[in-house]
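Visitor: Sharing a structure here in structure tokens format.
The values are calculated or read from the model by the stated rules, or taken from the named source; none is laboratory data. All values reported here derive from a predicted model rather than from experimental measurement. Note that we place each Cβ from the backbone using ideal geometry, even for glycine, and neighbour counts take in every protein chain shown. The accessibility values were calculated without ligands, DNA or RNA, using every heavy atom of the protein model including side chains. Shrake-Rupley method; radii C 1.70, N 1.55, O 1.52, S 1.80 Å.
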Amino acid sequence: MDSRLTAIGLFAGVGGIELGFKRAGIDSSLLCESWPPAKAVLTERFPNVELASDIRQLRSLPKTDIVAGGFPCQDLSQSGRTAGIGGEQSGLVTHVFRLLRRRHPTWLVLENVPFMLRLDKGSAMRFLIDELESMKYRWAYRVVDSRFTGVPQRRQRVIIVASRSDDPRAVVFADDATAPADDAWREDAYGFYWTEGLRGLGWAQDAVPTLKGGSSIGISSPPGVWLPKERPGHRLVTPAVEDGEALQGFPRGWTAPGARALGFRKGFRWKLVGNAVTTGVAEWLGTRLVSPGQYDPSLEGELSGMSRWPDAAWGERGTARRVEVSDRPRQDAYTHLGDLLDSESVSPLSHRAASGFLHRLLRGRLRVGGEEFRLATKEHVEYLESVA
Ligand SMILES: C[S@@+](CC[C@H](N)C(=O)[O-])C[C@H]1O[C@@H](n2cnc3c(N)ncnc32)[C@H](O)[C@@H]1O
């Protein structure tokens, strides 16, 4: 008898969860995804797995060990409409609960943005938990940062694991690593968002800030990278979408079938990448679903004040406890941003983008990056003008 676990991937996107699970020895048995470019990627990358189109049309789920899904976060994410969990897109998560009521897997895995812990003074999260507890699930969640998987991308996400029969704490909290020392990060590449002002979240040393999926209608843009040691004109660049794929732990070229479905519209391929779950996060989770570890109850404490949920907690039957763990379950070997970027295919940040960004930099309060970065941006703009 085959003892490999099987998983159903809802809102599968380009299959970040599924690829990570596969590396952990878990097979996908059914995928569900509605956006044609994402479906094109899934069809090519998971050719033998049945693909359903719309969760609203799914009547029931086949028997499986794991049901997993990063439900659409537009309504939940800070940059989105903040309409709350009842919003049209995120309301789709209610279809997950409808399907679970018909057949319970051993494990449920949900993924979303950390802002969900604060949204509506905590009531978005309360809604999810009430649904789970009404079906007698014990739940555990944790905010994790993709950097622990070794990719140079700062990306925090909430991972929720729930089960009626097994202990999710032994999956979610079994691993904890200490943060690398500050000198672990190199000083040859800094990521930033040139589409924004320069706030804390749009800046990272030896990493890019969170790759974004963008809004449902908007086109996503790549982050900027400052390479202080490069030659003039090549110090402010944007990575190629293949670098974006690598920043999410995918093999380069993974989303190319989506671009073909889109008629090569670059921004949309960035959207596919930005929406995805970092494959290493799913691989860690999958490894623990296959082989749960030990849970240390001395890490727990009281939950107080519910306007913001803590970064890690668990609960069952109306009780909840906070858990003191970091956002790094492990620390895998780190790929430095300067090493990950393919120097042949990065593009200089355009004059238009760089001058608009410089304008915002000069007007706004510069909190990070410092004078040297401002100067580098100015020099980049001037260089492009001198060669135009
Ligand atoms: C946050 S993304 C999930 C990304 C995925 N975990 C990955 O690694 O690529 C949410 C996905 O839900 C899909 N979606 C939206 N409405 C849907 C529906 N009614 N049925 C199925 N999928 C839907 C979106 O197209 C999007 O790809």
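Visitor: Please specify each residue of region 273-291 satisfying the condition of being more than 16 Å from Arg154 (Cα to Cα) and open to solvent by 10 Å² or more (accessible area, probe 1.4 Å).
Guide: Glu283, Thr287, Arg288, Val290, Ser291
Visitor: Given the residues Val290, Val323, which is the only one that is modelled with pLDDT of 95 or more, closer than 23 Å to Thr149 by Cα and out of contact with any helix residue (DSSP H, G or I) (no Cβ under 8 Å at 6 or more places or on another chain)? Let's see the steps before the verdict.
Guide: Numbers: Val323 fails: out of contact with any helix residue (DSSP H, G or I) (no Cβ under 8 Å at 6 or more places or on another chain).
Sole residue among the options that is modelled with pLDDT of 95 or more, closer than 23 Å to Thr149 by Cα and out of contact with any helix residue (DSSP H, G or I) (no Cβ under 8 Å at 6 or more places or on another chain): Val290.
Visitor: Find all pairs meeting these conditions: Cβ atoms under 6 angstrom apart; at least six residues apart or on different chains; first residue within region 22-36 and without any contact (Cβ under 8 Å) to a residue 40 or more places away in the chain; second residue basic (Lys, Arg) and more than 12 Å from the ligand (Cβ to nearest atom).
Guide: Listed by first residue and then by second, the contacts come to Asp27/Arg4.
Visitor: Counting only residues that are near the ligand (Cβ under 10 Å from one of its atoms) and not in a strand (DSSP E or B), which one in region 94-113 is farthest from Ile17 (Cα to Cα)?
Guide: This residue is His95.
Visitor: Determine which member of the set Gly91, Gly80, Gly86 is at pLDDT below 85, away from the ligand (no atom under 15 Å from the Cβ) and small (Gly, Ala, Ser).
Guide: Values: Gly91 fails: away from the ligand (no atom under 15 Å from the Cβ); Gly80 fails: away from the ligand (no atom under 15 Å from the Cβ).
None of the other options fit; the residue is Gly86.
Visitor: Filter region 38-59 down to residues that are open to solvent by less than 10 Å² (accessible area, probe 1.4 Å), in contact (Cβ under 8 Å) with a residue 60 or more places away in the chain and more than 7 Å from the ligand (Cβ to nearest atom), then give me how many there are.
Guide: Result for region 38-59: 1.
Visitor: Within region 1-37, how many residues are within 9 Å of the ligand (Cβ to nearest atom), β-branched (Val, Ile, Thr) and not in a helix (DSSP H, G or I)?
Guide: Number satisfying all stated conditions: 1.
Visitor: Would you be able to tell me the number of residues in region 307-348 that are part of a loop (DSSP other than H, G, I, E, B), aliphatic (A, V, I, L, M) and surrounded by 13 or more Cβ atoms within 10 Å (Cβ to Cβ)? Reasoning before the result, please.
Guide: Filtering region 307-348 down to residues part of a loop (DSSP other than H, G, I, E, B) leaves 307-311, 317-318, 324-336, 341-346.
Within this subset, residues satisfying the condition of being aliphatic (A, V, I, L, M) are 325, 333, 341, 346.
Those still in the list that are surrounded by 13 or more Cβ atoms within 10 Å (Cβ to Cβ) too: 325, 341, 346.
Adding up the residues that qualify gives 3.
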